[in-house]
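Here is the structure we will look at.
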Amino acid sequence: MNQTTYLPSKPRYEILDGLRGVAAILVLLYHHFELFGPGITTFHGYLAVDFFFILSGFVVGYAYDDRWKDMGNPKGMSLWAFFKRRLVRLHPMLIFGMFFGMLMFYFGMGDILSQIRDAHWPIILVSFIFAILLIPVPKAFEVRGWGELNSFNGNAWTLVYEYLANILYALFIRRFNKTLLAVLVAVFAILTLGIGLNIDFFGVMGNRSAEHAYTFIGGWDATPTQLVIGWSRLLYPFFAGLLMARCMAAPQHQPDETSFLHRHGFLAASVVLMVVLLMPFIGGENHKIYNGIYEVCCILFVFPVIVYMGAKGTVSGGNRKFCKWLGDISYPLYITHSPIIFTLCIGWKANNPGATTDQIIFVCVCSVILSFMVAWGSLKLWDEPVRAWLKEHWLKR
């Protein structure tokens with residue numbers, strides 16, 4: 001078998017790693033409030049998904065734009081080498097998240113997920129195969145009853161779009177110049193406006209829940225409505241992040257130590273991100289359009305500014321270690337907490353309708369602790385060893 005060069009990693013944007021972890025923690029908290037608190041519009045934690053997409057575009061552009069064999073780099077990557085690298089980065093943890101979700105499956109049994117009672121192992125196993133392949137599960141094998149892309153780990157719907165973005169980037173987008181990218185960013189901004197301002201550009205939003213109007217909540221199903229929402233949430237952030245990576249220089253080895261972002265970049269960017277995502281729903285029932293305007297402004301303007309702050313800032317010492325830890329834990333935490341909250345906890349809630357406030361708080365605290373334990377354990381005992389083995393035995397061949 002021919003040997004190929006394994007491309008070394010570039011210097012990391014360490015603050016962006018930390019910000020990814022901050023966003024993942026806020027998603028974890030948001031999902032607890034969604035299940036046990038006022039509901040899905042408690043605060044704007046769901047916008048972390050849109051922030052993840054702009055981070056993804058930025059990081060993919062920075063990491064791979066100049067590494068292609070067919071674009072002037074004789075020692076660069078082929079398409080297959082790129083796809084292998086992305087599979088090694090994303091899929092081991094995804095498989096664990098799906099397997100963990102299957103282990104938790106029957107703990108969700110109750111009146112909220114009543115269809116679980118009728119689910120049997122042969123159908124569950126078939127559904128699991130669809131899940132680890134990230135193929136939307138056919139209705140005949142949808143064993144949970146929530147109409148999601150898979151029945152074991154709801155958060156994985158964003159990985160479907162992550163992979164689609166990577167495929168489009170490798171096949172086409174990497175060849176686009178900055179002018180074309182800028183034009184597409186402007187076009188996709190219109191799609192963002194459509195979702196936020198509840199404009200039905202494609203005539204498929206009529207059956208959308210009134211509760212979700214003027215929000216970016218959605219994207220987790222294969223119905224026309226959810227596909228429009230999912231693609232709209234992906235396209236502007238991913239292309240905007242990619243354009244930013246093209247326009248910005250690589251991390252400086254000797255940054256300006258007198259600059260504000262050098263001294264306080266991580267803190268400043270984290271505070272802005274937390275304020276944006278923790279903002280309560282705006283406008284109430286009678287003026288929801290104000291909430292839509294807020295979310296559009298966050299996605300179109302605030303998130304790019306936060307990424308810019310993170311890319312221009314630097315960290316050292318304890319802050320660097322903290323950012324690394326946040327970056328390491330972010331993906332495992334994001335992909336493993338859904339079975340804990342929306343299976344284990346949802347089953348407890350269904351079977352304990354009279355639970356007191358202090359009991360609910362105790363369950364939520366235990367759920368958060370368990371989420372971090374599972375995330376850290378899966379990172380160290382599964383994800384890192386498996387990726388190291390794959391890099392050694394697959395990527396170098």
Q. Which residue pairs have Cβ atoms closer than 6 Å, lie 6 or more positions apart in sequence or on different chains, and pair a first residue in region 195-211 that is under 20 Å from Thr41 (Cα atoms) with a second residue that is open to solvent by 50 Å² or more (accessible area, probe 1.4 Å) and at pLDDT 95 or above?
A. Asn198/Tyr214
Q) Given the conditions (1) among the hydrophobic types (A, V, I, L, M, F, W, C); (2) over 18 Å from Val302 (Cβ atoms); (3) under 19 Å from the mean Cα position of the chain (by Cα), and given that Ile199 satisfies all but one, which numbered condition is not satisfied? A) (3)
Q: Filter region 38-97 down to residues that are touching a helix residue (DSSP H, G or I) at 6+ places or on another chain (Cβ under 7 Å) and acidic (Asp, Glu) and give me whichever is most open to solvent (accessible area, probe 1.4 Å).
A: Asp65
Q) Are any of the residues in region 153-162 surrounded by fewer than 19 Cβ atoms within 10 Å (Cβ to Cβ) and either aromatic (Phe, Trp, Tyr) or at pLDDT 95 or above (or both)? A) no
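How many of the residues in region 255-277 are farther than 19 Å from Ile54 by Cα and among the aliphatic types (A, V, I, L, M)?
2
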Q) In the list Ile116, Ile195, Ile124, Ile135, which residue meets the criterion of being in contact with a helix residue (DSSP H, G or I) (Cβ under 9 Å, 6 or more places away or on another chain), open to solvent by 50 Å² or more (accessible area, probe 1.4 Å) and not hydroxyl-bearing (Ser, Thr, Tyr)? A) Ile135
Q) When both residues are 6+ apart or on different chains and their Cβ atoms are under 6 Å apart, which pairs have a first residue that lies in region 116-130 and is outside any helix (DSSP H, G or I), and a second that is open to solvent by less than 50 Å² (accessible area, probe 1.4 Å)? A) Ala119/Val143
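Tell me whether region 250-269 contains one or more residues that are modelled with pLDDT of 95 or more and surrounded by fewer than 16 Cβ atoms within 10 Å (Cβ to Cβ). So that I can check it myself, show each step before the final result.
First pass over region 250-269, keeping only residues modelled with pLDDT of 95 or more: 269.
Still in the running and surrounded by fewer than 16 Cβ atoms within 10 Å (Cβ to Cβ): none.
Taking every residue of region 250-269 in turn, none turns out to be modelled with pLDDT of 95 or more and surrounded by fewer than 16 Cβ atoms within 10 Å (Cβ to Cβ).
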Q: Would you confirm whether any residue within region 171-191 is more than 18 Å from the chain's Cα centre (by Cα), among the hydrophobic types (A, V, I, L, M, F, W, C) and in a loop (DSSP other than H, G, I, E, B)?
A: yes
Q) Here is a list of conditions, (1) over 27 Å from Ala156 (Cβ atoms); (2) at pLDDT 95 or above, and Ile229 meets all of them except one; can you say which number that is? A) (1)
Q | Any helices (runs of 4 or more DSSP H) falling wholly within region 326-397 and containing at least 2 residues that are open to solvent by 60 Å² or more (accessible area, probe 1.4 Å) and in contact (Cβ under 8 Å) with a residue 24 or more places away in the chain | A | 346-351, 357-378
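The values are calculated or read from the model by the stated rules, or taken from the named source; none is laboratory data. Just so it is clear, the model here is predicted, and its values are computed rather than measured. Note that each Cβ is placed from the backbone with ideal geometry, even for glycine, and that neighbours are counted across all protein chains shown. In case anyone asks, the SASA skips ligands and DNA or RNA and just uses the protein heavy atoms, side chains included. Shrake-Rupley method; radii C 1.70, N 1.55, O 1.52, S 1.80 Å.
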